Amino acid sequence: MTWREPALVVVGGGAAGLAAAVEAARWQPGRVLVLDQSPILSVGTCSLPYLVGGQIQDPAQLVLHSREQLEERGLRLMTECRLESVDLSNQRLHFRDLARGQSGSLAFENLLLTPGGNFDFPGGHLPNVISPRDLTTSLKARAWLERAETRKVLVVGAGYLGLELAEAARFAGKQVTLLDPGTPILNLVAPLQDTLLRELARHGVELRQHRLVGWEGRELAVAGLLEDGTRLECDLALVAGGISPRHALLEGLPLERGLHGGVRVDRQGRTSRARVWAAGDCCEIPSRTGSGSVYLPLARPAALMGQAAGAAAVGRARPFPGCLSCAAVKVFDLQVGWVGELGSQRYLSDGPLRAGYWPQAGRLQLCLGFCERTGKLLGAQAVGSGEVSSTLQTLGLAIEQGLDAEALAQLDHVYTPPISGMWSPIARTVRSSKRWA
Ligand SMILES: Cc1cc2nc3c(=O)[nH]c(=O)nc-3n(C[C@H](O)[C@H](O)[C@H](O)COP(=O)(O)OP(=O)(O)OC[C@H]3O[C@@H](n4cnc5c(N)ncnc54)[C@H](O)[C@@H]3O)c2cc1C
C-alpha cells in the first residue's frame, strides 16, 4: 500500500473508529490514518467479560483483525499514540507517542472523533477495584480472579455488563455479591425480572439492592461501603457502573452537545464544526423512530454510525437511519433481551418456545408494549431459556413497520415441533390478551 497525505484522521480505533476508517478507505485507500493509544486494535470488546472469567482462554482469540489485515484494507495505523489536544482553528492534532516517550503533532484535512465514552468510577485507584473495559483491564481482572486468595467478589452494577461479570466470577468459582441500587434490574417488567432473579439465586449470586458510597481499605479495598452503613467485604471488586458520553478529550472542544451530554451529530456523523465528524459512545445518535436523539452506548450503533461518518468524511453520502434501542444478555442459562421502549398498553405471555410436548421445548416470557393511542407496537422484552434474538429482531422490524397487535397475530412463520410451535411466542402474546380482539 502506498501511503499518501491523509484525507481523514480517525481518533480511536474501537468499534466506531475502525468501522469508519475501513469504510473511508474503500474510497480513499492509503489516505486514512487511525490514531489510538492502545497497542492492539480491533479487539472484540463485547467478549471481554468471558476473557475475565476464563470461558475464553486466549486473549488472541479476541483480536478480530491483525495490523497487517487492517493495513491491507488501506488504513495507516498510529498505535500507542495518545491524542492530547485538538487545535480546531489550525486543524492540528497534538499527541504523545507512548512507545517512544515523545510528543508530536499532525495536520488534518478531515477529523473523525471516536474516543469512546467515559468510564470514571470511584475506587479506581485501588488495584483490586477494576472496571474491565479493554484488554489490559480485563486481563488484570482475570489475574485477580485466578488467585486462590480471591474468594469474595463484589460486582458493582447489574446492567448487562455487571450480569456478565457476575457469571464470569461464578465461572471462576468465586463467591459473588452483585450490588445495584436500582430496581427493576434491566428495567424488566416484574414477571420477567422474577425469572432473572431466580436464575441469579439458582447460580449462587447474592443480589444486594443498595447504593455504594465508597470503599474501605488503604492499599487494597477490603469492603464496599453502602449508604445504610453496611460493609460488604470483598477481595476483588469488578465495577460495571454506567458509561457517559463525556470523554475528557472532547470536553474543551466547542462542539454542540445534545440533551444527554453527547456530541450532537447528524445522520452522517457531522458535528457543529466543519470538517469534524464524530461517532460512537461519545455521541448521541439520531433516533430511528422519532425526531430527537438518543444515547445508546452499544457496539452496533457505534459501528453503523461510524460507517456513515467515515463515508461522509471522504465525500460519500451513506446516511445512517438511526438505531432502535435493542440489546440482549446471557445470564447463566437464560437469555434476556429488549427492543424499543414498552408503551403503557402491555401484553404478556409465558409459554414453550417449541411444541410444548417436545423434550427440550424451552420457555419464553415475552412482554409486548403498544401505544395506547395508535395501537402500534413500541417495544418488547423477552426472557427465555433459548434464543431470544430472532424474536426480538422480528419485533424490531414490526416496530419500524408500525405493526399493531392484529398484524402481529397474523405474522407467518415456520412450524415444526422440534424447531418452533404452531403459535409463535409473538402470536401467543397478542392472542393471550382480550384487549385487542
Ligand atoms: C466489557 C464490555 C462489554 C461490552 N459488551 C457489549 C455487548 O455485548 N454488546 C454491545 O452492543 N456493546 C457492548 N459493549 C459496548 C461497546 O463495546 C461500545 O459501545 C463500543 O465499543 C463503542 O465504540 P466506540 O468506538 O465509540 O468506543 P471504543 O470501542 O471504546 O473505542 C474507543 C477507542 O478510542 C481510543 N482512545 C480513547 N482516548 C484516546 C486518546 N486520547 N487518544 C487516542 N486514542 C484514544 C481507545 O483506546 C479505544 O480504542 C461493551 C463494552 C464493554 C466495555
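Given the options ARG31, ARG373, ARG270, state which has the largest fluctuation in a GNM of the chain using a 10 Å cut-off (strictly under) for Cα springs.
Answer for the Gaussian network model of the chain: ARG373.
Please get the size of the charge dipole for the range 1-143, origin at its Cα centre, with Cβ charges of +1 on Lys and Arg and -1 on Asp and Glu, quoted in debye to the nearest 20. Display every interim value, and only then the final one.
On the way: 13 positive and 14 negative charges, 17 e Å.
Computed charge dipole of the range 1-143: roughly 80 debye.
Label LEU139 and TYR357 with points 7 Å out from Cα along Cα→Cβ: what is the distance between them in nm?
So the label points at LEU139 and TYR357 sit 5.6 nm apart.
Given THR374, VAL32, ALA143, which one lies farthest toward the positive end of the charge dipole of the chain, if we put +1 on the Cβ of every Lys and Arg and -1 on the Cβ of every Asp and Glu?
Result: THR374, furthest along the dipole toward the positive end.
Report, in debye and to the nearest 20, how large the dipole of the chain comes out about its Cα centre when Lys and Arg carry +1 and Asp and Glu carry -1 on their Cβ. Could you put the intermediate results ahead of the total?
Values: 45 positive and 42 negative charges, 128 e Å.
It comes to approximately 620 debye.
Just need the relative contact order of the range 39-162 here, percent rounded to a whole number, with Cα pairs under 8 Å and 6+ apart.
24 percent
From the helices alone, meaning DSSP H stretches of at least four residues, give me the mean residue ellipticity at 222 nm for the chain, per-run term -39500 (n - 2.57), in deg cm²/dmol to the nearest 500.
-7000 deg cm²/dmol, from helical runs alone.
For the pair ASP266 and ARG431, what calculated FRET efficiency results from E = 1/(1 + (r/R0)^6), where r is the Cβ-Cβ distance and R0 = 41 Å, to the nearest 0.05? If you can, show how the numbers build up before the last one.
On the way: r = 42 Å, r/R0 = 1.02.
That pair, ARG431 with ASP266, gives E of 0.45.
Placing +1 at every Lys and Arg Cβ and -1 at every Asp and Glu Cβ, with all other atoms neutral, what dipole size does the range 83-122 have around its Cα centre, in debye to the nearest 20?
For the range 83-122, the charge dipole is close to 120 debye.
Starting from the range 104-153, pick out the GluC sites (Glu not before Pro) whose DSSP state is loop and whose Cβ has at most 13 other Cβ atoms within 10 Å.
GLU149
Take the chain, mark every one of the chymotrypsin sites (Phe, Trp or Tyr not before Pro) that falls in a DSSP loop and has at most 13 other Cβ within 10 Å, then report the longest stretch left between them, sites excluded.
The answer is 1-356.
So what is the relative contact order for the range 1-87, in percent, with contacts set as C-alpha pairs under 8 Å and at least six apart?
That works out to 37 percent.
Using mean Cβ contacts within 10 Å as the protection proxy, how do 36-44, 225-233 order, highest first?
36-44, 225-233
By how many nm would the segment from ARG316 to GLU71 lengthen if fully extended, with 0.36 nm per residue of separation less the alpha-carbon distance?
The ARG316-GLU71 span can extend by a further 86.1 nm.
Simple spin-label model, 7 Å along Cα-to-Cβ: GLN401 to LEU259 in nm?
So the label points at GLN401 and LEU259 sit 2.9 nm apart.
Per 0.36 nm of contour for each residue apart, how much would the distance between GLU233 and SER287 grow if the chain were fully extended, relative to their Cα-Cα spacing?
Length gained between GLU233 and SER287: 15.2 nm.
Return the single residue from VAL239, VAL63, VAL276 with maximal mean-square fluctuation; model: Gaussian network over the chain, springs between Cα atoms under 10 Å.
It is VAL63.
Quote the FRET efficiency, to the nearest 0.05, computed for ALA248 versus GLU80 with a Förster distance R0 of 25 Å and r equal to the Cβ-Cβ distance.
Calculated transfer efficiency: 0.85.
Only Cα pairs under 8 Å and at least 6 apart count here; give the relative contact order of the chain as a rounded whole percent.
The normalised contact order for the chain reaches 14 percent.
Could you identify which residue out of GLY384, GLY292, GLY241 has the top mean-square fluctuation in a GNM of the chain using Cα springs shorter than 10 Å?
Of the options given, GLY292 has the highest mean-square fluctuation.
Looking at the range 129-239, what % of its DSSP beta bridges pair antiparallel, to the nearest 5?
Of those bridges, close to 30 percent are antiparallel.
Can you tell me the FRET efficiency between ARG273 and LYS330 if r is taken as the Cβ-Cβ distance and R0 is 30 Å, rounded to the nearest 0.05?
Working: r = 41 Å, r/R0 = 1.36.
Efficiency, from the Cβ-Cβ distance: 0.15.
Kirkwood Rh over Cα pairs of the chain into Stokes-Einstein at 4 °C, 1.567 mPa s: D in µm²/s?
In µm²/s, the coefficient is 55.
Could you name the aspartates and glutamates in cross-link range of LYS152, using Cα to Cα under 14 Å and dropping any fewer than eight places away on the same chain?
Counting by Cα, and skipping residues close in sequence, LYS152 has these aspartates and glutamates nearby: GLU167, GLU206, GLU233, ASP235.
Give the average over all directions of the projected area of the C-alpha convex hull of the range 129-239, one decimal, in nm².
That works out to 6.9 nm².
Expressed in nm to one decimal, what extension gain is obtained for the pair SER390 and VAL414 from 0.36 nm per residue of sequence separation less their Cα-Cα distance?
Difference between extended and current length: 7.4 nm.
Using only the Cα atoms, what convex hull volume per residue in Å³ does the range 333-432 have?
Working: hull volume 8.1 nm³, N = 100.
Once divided by residue count, the hull of the range 333-432 is 81 Å³.
Give me VAL205, VAL222 ranked fewest to most by other Cβ atoms within 10 Å of their Cβ, as a rough exposure proxy.
Ordered from fewest to most neighbouring Cβ atoms within 10 Å, VAL205, VAL222 come out as VAL222, VAL205.
Throughout, read-outs are computed from the coordinates displayed, never taken from laboratory work. Please read all numbers here as calculations on a predicted model, not as lab measurements. Heads up, the Cβs are rebuilt from the backbone with ideal geometry, glycines too, and the neighbour counts pull from every protein chain shown.
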